[in-house]
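The values are calculated or read from the model by the stated rules, or taken from the named source; none is laboratory data. What you are looking at is a predicted structure, and each value in this text was computed from that prediction instead of being measured. We place every Cβ from the backbone using ideal geometry, glycine too, and count neighbours over all the protein chains shown. The area values use the complete protein model at the heavy-atom level, side chains included, leaving out ligands, DNA and RNA. Shrake-Rupley method; radii C 1.70, N 1.55, O 1.52, S 1.80 Å.
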Amino acid sequence: MDLVFWEIARASGLAAYAALCISILSGLAPRTQALSFLANNRAVRALHDWTPWIIIPAALTHIVALLLDATARIGVLDVFVPFLTSYGQLAIGLGTISVDLLIIVLITTWMRRRMDNNAWQWWHRVSYLGFVTMFLHSMLSGTDLTSPVIAALSWASAIGIGYYALERLGKALNPARIRA
């Protein structure tokens, strides 16, 4: 039975990772110079707005499957408090941090109307850190990265997100833009 839970955990972990990549890329890329033509595209905006509805159940399924898998030895406290597990502390702890950060992003997104826009944007940018921790979690603990296709897609999405994030950061820090 543990094998069933392990397979469910693997599939749902990959689904959560893929949905997070799609969400971040569809929110980030249209705000970059290369893909700014997508900024007013309703389909891209809808993709960004609706991918959390894939991330949430996929991440919950991943967590529940690992809680039910006796081989994984993950406890309820391990889901929210990082680095408590008896094995793979760094890898599993990074997964815990990514869940914690994504919960913060989701809660602040639902509270957006009650928040100052600048405050909300800063909290929303925590999703980049959530992606980094989830990427590292998948690299350090994910067994599916032995597949060349999954590894190539994971690295391609990470490189794309990193590139566009750095482009936006460079634009934000550009002194000419600040003076103008």
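Name the residues in region 16-72 that are over 30 Å from Asp2 (Cβ atoms), among the hydroxyl-bearing types (Ser, Thr, Tyr) and in a helix (DSSP H, G or I), would you?
Within region 16-72, Ser23, Ser26, Ser36 meet the criteria.
Would a scan of region 135-144 turn up a residue that is more than 18 Å from Ser12 (Cβ to Cβ), aliphatic (A, V, I, L, M) and open to solvent by less than 50 Å² (accessible area, probe 1.4 Å)?
no
Just to be sure I understand the filter: pairs with C-beta atoms under 6 Å, separated by 6 or more residues or on different chains, first member in region 73-101 and under 22 Å from Leu3 (Cβ atoms), second member among the acidic types (Asp, Glu). Which pairs pass?
Close Cβ pairs (under 6 Å, with a partner that is among the acidic types (Asp, Glu)) amount to Thr85/Asp78.
Okay, residues lined up against (1) aliphatic (A, V, I, L, M); (2) out of contact with any helix residue (DSSP H, G or I) (no Cβ under 7 Å at 6 or more places or on another chain):
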position: Tyr17; (1), (2): no, no
position: Ile22; (1), (2): yes, no
position: Trp50; (1), (2): no, yes
position: Ile55; (1), (2): yes, no
position: Ala59; (1), (2): yes, no
position: Asp69; (1), (2): no, no
position: Ala72; (1), (2): yes, no
position: Phe83; (1), (2): no, no
position: Ile107; (1), (2): yes, yes
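Identify, please: which residue in region 1-17 is within 24 Å of Leu129 (Cβ to Cβ) and free of Cβ contacts under 8 Å to residues at least 60 places away in the same chain and is, among those, surrounded by the most Cβ atoms within 10 Å (Cβ to Cβ)?
Among those that are within 24 Å of Leu129 (Cβ to Cβ) and free of Cβ contacts under 8 Å to residues at least 60 places away in the same chain, it is Ser12.
From the list Ile159, Ile103, Ile150, which residue is β-branched (Val, Ile, Thr) and either open to solvent by less than 50 Å² (accessible area, probe 1.4 Å) or in a loop (DSSP other than H, G, I, E, B) (or both)?
Checking each option against the conditions leaves just Ile150.
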